[in-house]
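The values are calculated or read from the model by the stated rules, or taken from the named source; none is laboratory data. Computed from a predicted structure; not experimentally measured. Cβ coordinates were reconstructed from backbone atoms using ideal geometry, including for glycine residues, and neighbour counts include every protein chain displayed. Protein only, heavy atoms only, side chains kept; ligands, DNA and RNA dropped before computing areas. Shrake-Rupley method; radii C 1.70, N 1.55, O 1.52, S 1.80 Å.
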Amino acid sequence: MVIAGTITTKMAPRVKRLWDQMPEPKWSIAMGSCAISGDFYRNLYSVVPGVDTFMPVDVYVPAVRRTPKG
C-alpha cells in the first residue's frame, strides 16, 4: 500500500481497514512528508501526525522540497 498525502482523522479508520483486509504478504510505503509526519498540517485537530501512528510502515520516502532560485 502506498500512502501519499495528508491523512485526516476521518480517513484514518478507512485506511487502517483497507490495510487489515489486504492479504499477506503486505508492505506499506509512506510517501512524502504529509504522510510521514503531517507536514504543515500536523498541528490541526483533523490531521493525523503521521500514518505510523495507527498502522505499520515498512518504507519511508521523504519528499524533497526545492525552492525556486531568484
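Quick look at the numbers
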quantity: Between 0 and 90°, nearest 10: helix 12-21 axis offset from the chain longest Cα axis; calculated: 50
quantity: Charge dipole (debye, nearest 20) of the chain; +1 at Cβ of Lys and Arg, -1 at Cβ of Asp and Glu; calculated: 320
quantity: Fraction of accessible area attributable to carbon and sulfur, the chain (%, probe 1.4 Å); calculated: 61
quantity: Volume in Å³ per residue [convex hull over Cα atoms, computed for the chain]; calculated: 78
